[in-house]
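Nothing in this text is a laboratory measurement; each read-out follows from the coordinates by a stated rule. Since we're looking at a predicted model, the values are computed, not measured. Positions of Cβ are generated from backbone atoms using ideal geometry, with glycine treated the same way; all protein chains shown enter the neighbour counts.
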Amino acid sequence: MGAYETPDYKLISKENEFEIREYSDFYIVEYDNKMDQYSDNGFGTLFSYISQDNQDQAKIKMTIPVFEEVTSKGQKMAFVVPSAHWDKIPKPNNPLLSIKKFEKGSFAVIRYSGTSGKAKEQKMMDNLMAWVDAQGYRKESNFMLAFYNPPFIPPMFRRNEIMVRVSRE
């Protein structure tokens, strides 16, 4: 995984699979399609963007993780923009993609391995919220799923995370 750029963060605290991280600002390209509630076409659309389907016809390096934001209406998917492009992020050709700044802040994170399905993700969100509450933090955003590995990696070696922006109560 060392070949892929990841967003910068400072580890504030760690307890078993739980962490509090302080992220710096970074940029994402987000897929948001109201007709594709669970972002089934998100990865392909985003992959096309980094494979030169952008207004600069620039090839953009893959980064990790791939984010999925869980909203009340479904999910959005996003790639992290490599820092080398932050001065001039290529505009997407696809109207379902938009460039957004991921604002710095504190995030509670739970890390897990294996495959990630709806039931497991819900269990991890519940576990994370119980820990967040016990630590005296307040949830400030939707949950975000973070996937670090391609699907051909054996499940026991996969790194998955669920994160949520938090503040002190």
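When the chain is modelled as a GNM with alpha-carbon springs shorter than 10 Å, which of 100, 73, 120 fluctuates the most? The residue with the greatest mean-square fluctuation here is 73. Output the pairs from 10/59; 59/101; 61/139; 61/101 with a Cα-Cα distance over 25 Å in this structure; if there are none, say none. Pairs exceeding the cut-off: 10/59; 61/139.
For helix 118-134, report the angle its Cα long axis makes with the longest principal axis of the Cα atoms of the chain; keep it between 0 and 90° and round to the nearest 10°. So the inclination is approximately 50 degrees.
Straight-line reach from residue 120: taking Cα to Cα under 13 Å and skipping same-chain neighbours fewer than 8 places apart, the aspartates and glutamates in range are 161.
Residues whose amide H falls under 5 Å from that of residue 149, counting only those 5 or more places apart or on a different chain, are 159, with hydrogens built in the peptide plane. Across the stretch 13-20, rounded Karplus estimates of 3J(HN,Hα) from the backbone phi angles (6.51 cos²θ - 1.76 cosθ + 1.60, θ = phi - 60°) give 7, 9, 9, 6, 8, 9, 9, 10 Hz, Gly and Pro being marked x. Under 5 Å between amide hydrogens, built in the peptide plane, is the criterion, and for residue 140 it picks out 165, 166, 167 among residues at least 5 positions away or on other chains. Scalar couplings 3J(HN,Hα) for the stretch 28-42, obtained by applying the Karplus form with A = 6.51, B = -1.76, C = 1.60 to θ = phi - 60°, are 10, 10, 10, 9, 9, 10, 4, 8, 10, 3, 10, 6, 4, 9, x Hz; x denotes Gly and Pro.
Here residue 88 is the anchor, and the aspartates and glutamates within straight C-alpha reach of less than 15 Å, apart from those fewer than 8 places off in the same chain, are 56. Shown in residue order for the stretch 154-168 are the 3J(HN,Hα) couplings computed by the Karplus curve 6.51 cos²θ - 1.76 cosθ + 1.60 at θ = phi - 60°: x, x, 5, 9, 7, 10, 10, 9, 10, 9, 8, 5, 9, 9, 6 Hz (x for Gly and Pro). Amide hydrogen proximity for residue 27: with H placed 1.01 Å from N in the peptide plane, the residues at 5 or more positions away or on another chain lying under 5 Å are 81, 102. Given contacts defined as C-alpha pairs under 8 Å and at least six residues apart, what's the relative contact order of the stretch 26-102, whole-number percent? Computed over the stretch 26-102, the figure is 46 percent. Given the choices (i) 1.22; (ii) 0.98; (iii) 1.03, Cα Rg over 2.2 N^0.38 Å derived from the coordinates of this structure is entry (iii).
Counting only aspartates and glutamates at least 8 places from residue 104 when in the same chain, those with an alpha carbon closer than 14 Å to its own are 8, 22, 25, 140. Among the GluC sites (Glu not before Pro) within the stretch 30-108, those in coil by DSSP and having at most 12 neighbouring Cβ atoms inside 10 Å are 103. Springs between Cα atoms under 10 Å define the GNM used for the chain, and in it the highest mean-square fluctuation of 62, 156, 125 occurs at 156. Highest GNM mean-square fluctuation among 145, 46, 96, for the chain modelled with Cα contacts below 10 Å: 96. Working from label points 7 Å from Cα in the Cα-to-Cβ sense, the residue 153 to residue 38 distance is 2.2 nm.
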